[in-house]
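In what follows, a structure is listed as structure tokens, so that the remarks can point back to it.
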């Protein structure tokens, strides 16, 4: 048995299984209105600019329809009859239409890109804000890399659809409808002959959409799995290298990469079949116009200008169809990613402020667990069973016991990272569920087993919990916990930059910075989660001195600490199978010859000797 931390039931035990993230790969609806409605909210602040883009899109549509008609007029009224007097005026109108088309298109694209970048930033900010509001239970059961894929990749394609695809879809549909109306008005018979290919086009589009719906959802699932696998392997690179498993991990990644490649190739293959089919149908329509239209010109039933206009309209008619393929691709990716983003945005935090929650008053430090029963999930066994515990202000309570006994779970409940299904957790006789989370967390501190430092400087990490304090307070906190000496030896002392993973500091140095961070925050309740478990004996002595300064005047919950802290604790509680089986002082527990003495003989006696 060991005193090392384990979160009870091991909520991240399924980290290698991407099953929870593969929902999007299943067959979904072609157009999920709920998803679109949820995402369109982010366009609301920019509705007037989107309205301007819509007006410009109408102008683009009108000018696109007008140009072939003006060319028809130039041919029939001036060129064909040899009347050159009015030709310059028509040519200027055509040139003006092209200029207007250019300006309207440029204006529309500028507005859409301007709005798109802001929607992109707003959506990512909302996701990040929501992720911070979600409790540890969510983050414990979701893969970091997949969450990153949601915030980066899925949001990107959603933004592209909202700001580019949606208006393009509307514009293309208007152009199609307009072309049909204009062609019928010029020559109903020739128009009907030209539209013979429409049933074939509709069939091709239907078959493409039916296959693409599933294909593009698979591409979103595969890219999420790829990012998740990559993030996990980079995070665990030290373990991979330590066990010489590079080839094994590379093979696993190669398989995930292969599935992503196959999913994308399958989606691309559909486009490679669909687009040439549309091109063929467009060419067939032009052949119909040339043959039947040419005969009609010879017979004198239609003019040459009509044929030229028809050819221009047919070319323009199939351009939106080809464009619809791209838009459909974007739409399917957006639907697949959007469903997951909306699912994330609408995930209700299991732990949140109650409507009538009040700020936590200044904490004195009394902690009570009243018949607390807890399990991590509804379908999992209880981790704690009717645990009752009382801690007076300023006391240090040590929780010891075998791995998985429930020690860290008790600490998480006190800090309200989780909530008990039964019983109450009271601080100063106030149920922690009745106060705001921010006011509670600002008065509680945590020194974890694995010290985590953010990118930035040493000073920025120490003042993380109190960003408003001055530099002198940062130095005083470091001196209080004996971190100042090693910091002064660094190349830029307190302004030394922390590398990713804090690899330029030893584990003990990282822990001292974390302790200084907790000291500066001045919490009334402090949780020490095996704060010296990963350091050498010499560093442990320094950290113990730092902790002795930090614990003065505070209520402390010490999880499975080493012997020196445990022996000095006001109360030792022995946890086994989610229950407090023994409690008392060091000498009292040794005299009982129970689980504590067994653990002491196995692990602590060697330390004492």
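The values are calculated or read from the model by the stated rules, or taken from the named source; none is laboratory data. Worth saying up front: this structure is predicted, and the values here are computed from it rather than measured. No Cβ is skipped: glycine too gets one built from the backbone with ideal geometry, and neighbour counts run over all protein chains shown.
General observations
- Residues located in the stretch 441-451, provided they are assigned to a loop (DSSP other than H, G, I, E, B), in contact with a strand residue (DSSP E or B) (Cβ under 8 Å, 6 or more places away or on another chain) and within 11 Å of residue 514 (Cα to Cα): 448, 449
Yes/no per residue for (1) assigned by TED's automatic domain parsing to the domain that holds residue 214; (2) at pLDDT below 85; (3) part of a loop (DSSP other than H, G, I, E, B):
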position: 12; (1), (2), (3): no, yes, yes
position: 27; (1), (2), (3): no, yes, yes
position: 30; (1), (2), (3): no, yes, yes
position: 35; (1), (2), (3): no, yes, no
position: 47; (1), (2), (3): yes, no, no
position: 55; (1), (2), (3): yes, no, no
position: 68; (1), (2), (3): yes, no, no
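- Any hit, the stretch 314-334, residues being at pLDDT 85 or above and either surrounded by 17 or more Cβ atoms within 10 Å (Cβ to Cβ) or more than 54 Å from the chain's Cα centre (by Cα) (or both): yes
- Residue in the stretch 397-408 that is surrounded by fewer than 18 Cβ atoms within 10 Å (Cβ to Cβ) and either part of a loop (DSSP other than H, G, I, E, B) or without any contact (Cβ under 8 Å) to a residue 24 or more places away in the chain (or both) present: yes
- Failed condition for residue 270, given (1) surrounded by fewer than 16 Cβ atoms within 10 Å (Cβ to Cβ); (2) more than 30 Å from residue 303 (Cα to Cα): (1)
- Selected residue [over 24 Å from residue 529 (Cα atoms) and not assigned by TED's automatic domain parsing to the domain that holds residue 140] from 420, 334, 357: 357
- Considering (1) buried (at least 19 other Cβ atoms within 10 Å of the Cβ); (2) in the same structural domain as residue 574 (by TED's automatic domain parsing), the lone condition that residue 385 does not fulfil carries the number (1).
- Scanning the stretch 569-597 for residues that are within 20 Å of residue 449 (Cα to Cα) and either at pLDDT below 85 or part of a loop (DSSP other than H, G, I, E, B) (or both) turns up just one, 569.
- Test: residue in the stretch 410-417 that is in a strand (DSSP E or B) and within 16 Å of residue 527 (Cβ to Cβ): no
- Restricting 119, 115, 148, 90 to residues that are touching a helix residue (DSSP H, G or I) at 6+ places or on another chain (Cβ under 7 Å), assigned to a helix (DSSP H, G or I) and surrounded by fewer than 17 Cβ atoms within 10 Å (Cβ to Cβ) narrows the list to 148.
- Filter result for the condition that a residue is part of a helix (DSSP H, G or I) and either closer than 30 Å to residue 66 by Cβ or modelled with pLDDT under 75 (or both), over 305, 338: 305
- Flag if residue 440 is modelled with pLDDT under 85, within 26 Å of residue 559 (Cβ to Cβ) and buried (at least 19 other Cβ atoms within 10 Å of the Cβ): no
- Entirely in the stretch 452-548, the helices (runs of 4 or more DSSP H) that have 2 or more residues that are modelled with pLDDT under 85 and not assigned by TED's automatic domain parsing to the domain that holds residue 428: 507-521
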